[in-house]
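Reviewing the structure listed below.
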Amino acid sequence: MPTVPSRSSASKTLQSESFRAIDYVVFTAMLLISACIGIYYAYKGVHKCHKDFLMAGRKLSCGPVALSLTASFMSAVTVLGTPAEIYRYGIMFGLFALSYVLMVVITAEVYMPIYYRLNITSAYEYLELRFNKYMRLTGTTMFVILTILYTGIVIYSPSLALNQVTGFQLWGSVIATGIVCTFYCTLGGLKAVVWTDVFQFVLMISGFLTVIIRTIIIKGGLKNILKDADQGGRLRLWDFNTSPMQRHTFWTVIVGGTFTWLGIYGVNQSQVQRYLACKTIVHAKLALYLNLVGLWIVISSAVLSGLSMYSIYKDCDPLTLGLVKAPDQLMPFLVLDILGEFPGIPGLFVAATYSGTLSTVSSSINALAAVTVEDIVKPHFTTLTDSQLSWISMGMNILFGGVCLVMAGLASFMGGLLQAALSIFGIVGGPLFGVFSLGILFPFGNCTGAFSGLISGFMMGMWIGIGSHFYRPPPHRTLPLALSTAGCQFNWSTVTPFTTLPAPTPTRTHIHDNWYSMSYLYFSTLATLSTVVVGVIVSLSTGGLNQEVDRRLLFGKEDLMANYVYMKSKFGTPAEKINPKEEEGPE
């Protein structure tokens, strides 16, 4: 079996090695291909009609939409963060594959059919149809502000990690990413976004595969990687501890994970806009279910990359030695360590990482333009022509692209607040999901209940989210696994173990060590449930039972039976497929 090079010698090589010209060529090629896709769809004339521009004319098929959903769901945070999660905490994160199933089924069978039959462009248009225009404006405003914040962070954060490890140009990559995203979103609309997502999905998976395959070669087979992981405790998958305080258990991942992802797939414009652009509801459902396969591929690749990382560094942890400053720098460090000798491969990984950024940012810019035009411009400027709306949509893409770049610049000054901002963005999905759930599942839900529930859910999410950021959970809640430096040649007097955390100070109270130590996956769950419970109580108290609601706005038995009816009409017996009038015969 090939031996792993000494980590001490590897670190010296990394410190003196910089990106080659070929690596920059590979990265530039990725940007150029993405831009060319935008030019192609501009040539095809998607900008002539604002429905074509924002919704691809509602003519997309399930395949590309499925890959686009997966790619926009992933980000550079996934490419860099998930393998580091596996490296530090083990494969329990892989249980998200089960929560993805619940999330996709609920989205496809409960929420999506209602949006589709209403023929809406903005998800928040539902809030006006179900409640009132103020709820629609509130939902839109929350989405716009938090998407801008999140998008700026998604641009800057991975650029910083790659810059600190590889020396890859920080602000050059930030500006290039923002400009290229804005360029192809503005020229090609949703069609360009979807097809660049397909290309970028392939690149992201290629980045994972290069790491996995190279590690298999170094370690002499996948069996040896799994053996190392098992000996290091990284293969522990099942933990049925019911405590909500433990970071990852079966219950926190399945229950909390499902609520968290439903806040994205069920009500977030970036995802809703894609499956509503399908040409039929059957294609929309197929896109969601095929997307599930894509999510499984992504999480499997990320898990194997994390196990590969552990197999390489099981005896010489770069975090403990201070060779990297943060967990999200581990993947680029690993790539330079084991693939740096192959020209262009580090560039491929950087291209894969930035593909995650591009797919997320382009989805955000396109969604921001859509909600601005549909929820703010059209209701107040009713005389605008279709062509004028199309040009306004293009202008909104340019505007939000610039705003997100400015936000990326501001993110560079936030320091420790970056992770808090990412957490807050996830938390806010809970109250929004709760409001939509109140409207779809409870016929007696009214606007007073919806607004009260939204405020209470938002306050709940912010309370626990911000509190958990300033009062970090102690190690016995997060359960980080052991990291070793036994195989390193290093001056031990300079070592500061990464996993060593200061003991809780006397100022920490019971609420700090328990309430704020709750698993982050339950933040969205609590926010959603608070929104629904308060919304139900207030609605019942303010005459909700006396109102009449359009049945198209509610989940009903026809939605529950829709798949059965379709399958029966498609594959039933000839007698079952005969039109009722034809059964009666000629008069």
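The values are calculated or read from the model by the stated rules, or taken from the named source; none is laboratory data. Every value quoted in this text rests on a predicted model; they were computed, and no experiment measured them. FYI the Cβ positions are ideal-geometry reconstructions off the backbone, even for glycines, and counts take in every protein chain you see.
Just checking, does the stretch 334-341 include any residue being assigned to a helix (DSSP H, G or I), charged (D, E, K, R) and either closer than 22 Å to Gln271 by Cα or touching a Phe, Trp or Tyr at 6+ places or on another chain (Cβ under 6 Å) (or both)? Checked the stretch 334-341: no residue is assigned to a helix (DSSP H, G or I), charged (D, E, K, R) and either closer than 22 Å to Gln271 by Cα or touching a Phe, Trp or Tyr at 6+ places or on another chain (Cβ under 6 Å) (or both). Only one of the numbered conditions (1) within 30 Å of Thr528 (Cβ to Cβ); (2) part of a helix (DSSP H, G or I) is violated by Val267, and that is (2). For beta carbons closer than 9 Å, sequence separation of 6+ or different chains, a first residue in the stretch 126-150 that is under 14 Å from Pro431 (Cβ atoms) and a second that is assigned to a helix (DSSP H, G or I) and of a type in the set (Lys, Arg), the qualifying pairs are Leu127/Lys133; Leu127/Arg136. Within the stretch 526-544, the residues that satisfy the criterion of being crowded, with 24+ Cβ neighbours inside 10 Å and closer than 18 Å to Gly257 by Cβ are Ala527, Thr528.
When you look at Thr353, is it modelled with pLDDT under 85, more than 30 Å from Lys59 (Cβ to Cβ), in a helix (DSSP H, G or I) and under 15 Å from the mean Cα position of the chain (by Cα), yes or no? So that I can check it myself, show each step before the final result.
Working: modelled with pLDDT under 85: yes; more than 30 Å from Lys59 (Cβ to Cβ): yes; in a helix (DSSP H, G or I): yes; under 15 Å from the mean Cα position of the chain (by Cα): yes.
So Thr353 fits the description; yes.
Here Thr385 meets the list (1) touching a residue at least 40 places away in the same chain (Cβ under 8 Å); (2) surrounded by fewer than 17 Cβ atoms within 10 Å (Cβ to Cβ) almost entirely, failing just condition (1).
For Trp171, are the conditions met, namely being out of contact with any helix residue (DSSP H, G or I) (no Cβ under 7 Å at 6 or more places or on another chain) and under 20 Å from Cys404 (Cα atoms)?
Values: out of contact with any helix residue (DSSP H, G or I) (no Cβ under 7 Å at 6 or more places or on another chain): yes; under 20 Å from Cys404 (Cα atoms): yes.
Judged against the criteria, Trp171 is a match.
Being of a type in the set (Ser, Thr, Tyr), in a helix (DSSP H, G or I) and either out of contact with any helix residue (DSSP H, G or I) (no Cβ under 8 Å at 6 or more places or on another chain) or more than 28 Å from Ile466 (Cβ to Cβ) (or both) is the filter here; which residues of the stretch 522-546 pass it? Walk me through how you get there before you give the answer.
Initial filter on the stretch 522-546 (of a type in the set (Ser, Thr, Tyr)): 522, 524-525, 528, 530-531, 539, 541-542.
Filter once more, keeping what is in a helix (DSSP H, G or I): 522, 524-525, 528, 530-531, 539, 541.
Result: Ser539, Ser541.
Do the conditions hold for Asp315, that is, is it touching a Gly at 6+ places or on another chain (Cβ under 8 Å), within 27 Å of Leu209 (Cα to Cα) and not in a helix (DSSP H, G or I)? Explain how you work it out, then say what you get.
Details: touching a Gly at 6+ places or on another chain (Cβ under 8 Å): yes; within 27 Å of Leu209 (Cα to Cα): yes; not in a helix (DSSP H, G or I): yes.
So Asp315 passes the test.
From the list Tyr150, Tyr156, pick out the single residue that is more than 29 Å from Gly449 (Cβ to Cβ) and crowded, with 21+ Cβ neighbours inside 10 Å. Being more than 29 Å from Gly449 (Cβ to Cβ) and crowded, with 21+ Cβ neighbours inside 10 Å holds for just one of Tyr150, Tyr156, which is Tyr156. For the stretch 72-86, check the following and say yes or no: at least one residue is buried (at least 22 other Cβ atoms within 10 Å of the Cβ), under 21 Å from the mean Cα position of the chain (by Cα) and not in a helix (DSSP H, G or I). The answer is yes, given that some residue of the stretch 72-86 is buried (at least 22 other Cβ atoms within 10 Å of the Cβ), under 21 Å from the mean Cα position of the chain (by Cα) and not in a helix (DSSP H, G or I).
Any chance the stretch 106-116 includes a residue that's within 30 Å of Asp328 (Cα to Cα), part of a helix (DSSP H, G or I) and aromatic (Phe, Trp, Tyr)? So that I can check it myself, show each step before the final result.
Step one: filter the stretch 106-116 for residues within 30 Å of Asp328 (Cα to Cα), giving none.
No, there is no match, as no residue in the stretch 106-116 is within 30 Å of Asp328 (Cα to Cα), part of a helix (DSSP H, G or I) and aromatic (Phe, Trp, Tyr).
Contact annotation: no residue pair with Cβ atoms under 6 Å, 6 or more positions apart or on different chains, pairs a residue in the stretch 528-556 that is modelled with pLDDT of 90 or more with a partner that is of a type in the set (Lys, Arg). Taking the numbered list (1) closer than 14 Å to Tyr87 by Cβ; (2) among the hydroxyl-bearing types (Ser, Thr, Tyr); (3) crowded, with 22+ Cβ neighbours inside 10 Å in turn, Thr320 passes all entries but (3).
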